[in-house]
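The values are calculated or read from the model by the stated rules, or taken from the named source; none is laboratory data. Everything quoted here is computed from the prediction, not taken from an experiment. Backbone-built Cβ (ideal geometry, glycine too); neighbour counts: all protein chains shown.
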Amino acid sequence: MPRTGDGCNGAVHVIVVGCGRVGSGLAAALEPMGHSVAIIDKNPAQFRRLPEGFSGKVVAGLGHDRDDLQAAGIEEAGALAAVTSGDNSNILCARIAREHYGVETVVARIYDPRRAVIYARLGIPTVATVAWTADQVLRRLVPEQLEPEWIDATGTVSLIERSLPDQWAGRRLGELEERERLRIVAIARGGEAQLVTPELVAQDGDVVYIAAHRDALSDLWDRLTPGGGGH
């Protein structure tokens, strides 16, 4: 079954686990983008945080309970964000979504950034609370619908932040570059940032920062789309 929302403009079905300030904010931001949204929380009173007119599905339950995930539409989901107040619950939920249901894009919020290295090895991107914003989670869930981090005054060069799709794991990051059009400036890996050398090999969970000429943007989107192109 295709993992889509309404089938237009790249829309997907997104599950948000946790309806606190963070989760409700994500749900409110995703619906206007055209995505279908389901939100899970163990406390039904939390759903009052959702905006008036929210048309998504609400599930009173646990994000790591398979019955509750199925009620939220996990089998059709293309993305999941686990943003409850518990690190262990978030990671467990993300692992079940990725490993059991094959959800393409998962993000887990964590309070202890020292755990980020462990989770990165499991292929689960994390966002630590100390550096957290809703925008950072959105950039990992629906990167193609958000603006670049920075654009120069002439509109010629942009700085792009994107999570690498799974097919890039094990490949040299230099393969993504084109000297006159695309250059990788840095990566975030295991909760830490580092500058890139052409020989550096990509790993699951890497987030790349790319300086791109405007004429190369369509090619870049294609290469960074799961299942998309590459050299």
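Here are the numbers:
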| quantity | calculated |
| --- | --- |
| Of residues in segment 217-231 being of a type in the set (A, V, I, L, M) and buried (at least 19 other Cβ atoms within 10 Å of the Cβ), the one modelled with the lowest pLDDT | LEU224 |
| Candidate set from segment 79-121 (those that are in a loop (DSSP other than H, G, I, E, B) and not aliphatic (A, V, I, L, M)); member that is nearest to SER36 (Cα to Cα) | GLU104 |
| Those residues of segment 176-196 which are hydrophobic (A, V, I, L, M, F, W, C) and assigned to a loop (DSSP other than H, G, I, E, B), in sequence order | VAL196 |
| ALA153, sole failed condition from (1) modelled with pLDDT of 75 or more; (2) surrounded by fewer than 12 Cβ atoms within 10 Å (Cβ to Cβ); (3) of a type in the set (A, V, I, L, M) | (1) |
| Subset tally (residues that are in a helix (DSSP H, G or I) and surrounded by fewer than 20 Cβ atoms within 10 Å (Cβ to Cβ)) for segment 69-78 | 4 |
| Sole exception among (1) under 16 Å from the mean Cα position of the chain (by Cα); (2) among the hydrophobic types (A, V, I, L, M, F, W, C); (3) within 22 Å of ARG115 (Cβ to Cβ) for TRP221, by number | (3) |
| Per-region count, segment 82-116, residues surrounded by fewer than 16 Cβ atoms within 10 Å (Cβ to Cβ) and among the aromatic types (Phe, Trp, Tyr) | 1 |
| Hey, VAL17 at pLDDT 95 or above, within 16 Å of the chain's Cα centre (by Cα) and not assigned by TED's automatic domain parsing to the domain that holds GLY190 or not | yes |
| Residue in segment 9-17 that is under 24 Å from VAL127 (Cα atoms) and part of a helix (DSSP H, G or I) present | no |
| Matching option when the condition is in contact with a Lys or Arg (Cβ under 7 Å, 6 or more places away or on another chain) and polar (S, T, N, Q), among SER55, SER36, SER24 | SER24 |
| Counted residues, segment 31-63 - those being in contact with a Cys (Cβ under 9 Å, 6 or more places away or on another chain) and in a strand (DSSP E or B) | 4 |
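To keep it simple, each residue is scored yes or no on (1) in a loop (DSSP other than H, G, I, E, B); (2) under 30 Å from ALA94 (Cα atoms).
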position: THR154; (1), (2): yes, no
position: ARG162; (1), (2): no, yes
position: GLN167; (1), (2): no, yes
position: GLY174; (1), (2): no, yes
position: PRO198; (1), (2): yes, no
position: GLN203; (1), (2): yes, yes
position: TYR209; (1), (2): no, yes
position: ASP215; (1), (2): no, no
